[in-house]
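Chemist: Structure in structure tokens, see below.
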Amino acid sequence: MKQTPAEATITEKAIASFGNTPDARLRHLVQSLTRHLHAFAQEVELSEQEWLAGIRFLTSTGQMCDGLVRQEFILLSDVLGLSMLVDAISHRAQSEVTESTVFGPFYIEGMADREYGENMAFTPGVPALVTGTVTDADGRPLANATLDIWQTATNGMYSGQDTEQPVGNLRGRYRTDHQGRYAIRTVLPVSYPIPTDGPVGQLLSATGRHPWRPAHLHFMIEAPEHRTLVTHLFNHDDPYLDSDAVFGVKDSLRVVYTPRGASDPMGEAFGFTGEFRHASYDFVLPRVSS
Ligand code: BEZ
Ligand code: FE
């Protein structure tokens with residue numbers, strides 16, 4: 001139905017009410033948000049019951065947040081594809097550097113510093129080793145870069161989220177050596193469902209969507225004078241690569257975990273006593289100014 005003059009007046013007044021916002025960017029954001037919200041209500045002819053259901057949904061989304069590992073608003077942004085849209089806008093035209101992906105709600109700050117090749121898995125799984133380098137866009141090694149890593153246990157839950165797991169399980173801060181090399185001993189990542197016990201889970205179920213994410217290892221890589229990289233490495237053969245619940249998969253971030261025997265020189269060097277999988281990936285970070 002066409003917008004009535006009364007409806008148009010409300011929208012104009014609401015937008016104009018922010019007209020004196022001193023900060024120009026904030027003014028642009030709130031005025032544009034108001035315009036788009038009103039256009040949405042107008043397009044779907046939002047009923048009072050639907051509006052109230054929306055308010056209740058957002059209220060329970062906030063109530064689900066615990067300030068530590070459960071951040072239902074990030075989860076909502078993720079399943080709406082908004083997080084990956086913001087990621088795409090923020091990382092335009094950076095073809096020669098490693099692609100970024102969704103941060104997710106399960107990062108915990110201040111996890112243990114780990115040695116080169118140290119095992120971060122205190123729960124069982126298929127033993128795995130991930131190695132590679134961190135360089136700048138000209139191939140120069142970045143020594144002493146920090147790689148903050150997090151991953152679920154084979155039950156599909158992160159330590160912190162799952163209180164049964166030892167503190168710091170499958171988390172840690174590694175550093176590159178003087179040649180920019182890193183080595184992480186862990187277990188093979190598994191696919192897992194994002195939490196479905198809150199309002200975002202209800203939204204997925206009401207809309208017939210599955211909650212699964214393909215198996216991945218999270219990285220946040222920091223080096224002085226370089227832009228921080230938030231990304232994942234995805235197992236190349238995961239069945240959910242083409243239907244990630246949060247749209248985070250990029251082809252360049254797929255890795256193959258190759259089976260290796262116990263007598264493999266790398267196995268001996270990193271203390272594996274039986275078969276393990278090995279994946280290799282070289283990260284490239286852009287300089288801050290680029
Ligand atoms: C994650 O990979 O940890 C994640 C990302 C988005 C939503 C939920 C979980
Ligand atoms: Fe994850």
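The values are calculated or read from the model by the stated rules, or taken from the named source; none is laboratory data. If you're wondering where the values come from, they're calculated on a predicted model, not measured in any experiment. All Cβ positions, even for glycine, are placed from backbone atoms using ideal geometry, and neighbour counts span all protein chains on display. To get the accessible areas, we keep the full protein, side chains included, count just its heavy atoms, and leave off ligands, DNA and RNA. Shrake-Rupley method; radii C 1.70, N 1.55, O 1.52, S 1.80 Å.
Chemist: Of I55, Q71, A24, which is farthest on the positive side of the dipole of segment 1-88, counting Cα position, with +1 on Lys and Arg Cβ, -1 on Asp and Glu Cβ, and the Cα centre as origin?
Modeler: The one lying farthest along the dipole's positive direction is A24.
Chemist: Still on this structure, please answer the following. DSSP loop (so not H, G, I, E, B), at most 12 other Cβ within 10 Å: list which GluC sites (Glu not before Pro) in segment 89-122 pass both filters.
Modeler: Those that pass, being in a loop and sparsely packed, are E96, E109, E115.
Chemist: Of the accessible area of the chain, with the probe set at 1.4 angstrom, what percent is carbon plus sulfur?
Modeler: 56
Chemist: For a label point 7 Å from the Cα of E7 along Cα→C-beta, name the residues of segment 34-56 whose backbone N is under 18 Å from it.
Modeler: Those under the cut-off are 34-52.
Chemist: Select from T101, T196, T61 the residue whose mean-square fluctuation is largest in a Gaussian network model of the chain (Cα-Cα springs shorter than 10 Å).
Modeler: Judging by the Gaussian network model, the answer is T196.
Chemist: Let me ask something additional. Please return the longest range in the chain lying between exposed loop sites, taking chymotrypsin sites (Phe, Trp or Tyr not before Pro), DSSP loop only, at most 15 other beta-carbon atoms within 10 Å, and leaving the sites out.
Modeler: 123-290
Chemist: State in Å² the accessible area per residue of the chain; use a 1.4 Å probe, count heavy atoms of protein chains only, and round to the nearest integer.
Modeler: Accessible area per residue: 54 Å².
Chemist: Turning to a different aspect of this structure: Taking 0.36 nm per residue of sequence separation and subtracting the Cα-Cα distance, how much length would be gained by fully extending the chain between D242 and Q179, in nm to one decimal?
Modeler: 19.1 nm
Chemist: Relative contact order of the chain: what whole-number percent is it, with Cα pairs under 8 angstrom and at least 6 residues apart?
Modeler: 20
Chemist: Follow-up question, since we're still on this one. Between the alpha-carbon centers of segment 103-136 and segment 231-246, tell me the distance in whole angstrom.
Modeler: When both Cα centres are located, 18 Å separates them.
Chemist: Can you compute the charge dipole magnitude of the chain about its Cα centre, using +1 on each Lys and Arg Cβ and -1 on each Asp and Glu Cβ, nothing else charged? Give it in debye, rounded to the nearest 20.
Modeler: The dipole of the chain has a size of about 380 debye.
Chemist: Which ³J(HN,Hα) values, rounded to whole Hz and listed in residue order, are derived for segment 151-165 from phi using the Karplus coefficients 6.51, -1.76 and 1.60 in 6.51 cos²θ - 1.76 cosθ + 1.60 with θ = phi - 60°, glycine and proline given as x?
Modeler: 7, 7, 6, 5, 7, x, 10, 8, 4, x, 5, 9, 6, 6, 7
Chemist: Nearest 500 deg cm²/dmol is fine: what mean residue ellipticity at 222 nm does the chain get from its DSSP H runs of n ≥ 4 alone, each adding -39,500 (n - 2.57), divided by its residue count?
Modeler: So the helix-based figure for the chain works out to -8500 deg cm²/dmol.
Chemist: Evaluate the distance, in nm, between pseudo-label points positioned 7 Å from the Cα of F73 and of E115 along their respective Cα→Cβ axes.
Modeler: 4.2
Chemist: Taking a 1.4 Å probe, which of S100, S205 shows the most accessible area, and what order do the others take after it?
Modeler: Sorted descending by solvent-accessible area, the residues read S205, S100.
Chemist: May I pose another question? Once fully extended, how much extra length lies between R140 and S205, figured as 0.36 nm per residue of separation less the alpha-carbon to alpha-carbon distance?
Modeler: Result: 18.6 nm gained on full extension.
Chemist: Any idea which of L129, N144, H216 is furthest toward the positive side of the dipole for the chain, if Lys and Arg beta-carbons carry +1 and Asp and Glu beta-carbons -1?
Modeler: Going by the charge dipole, the pick is N144.
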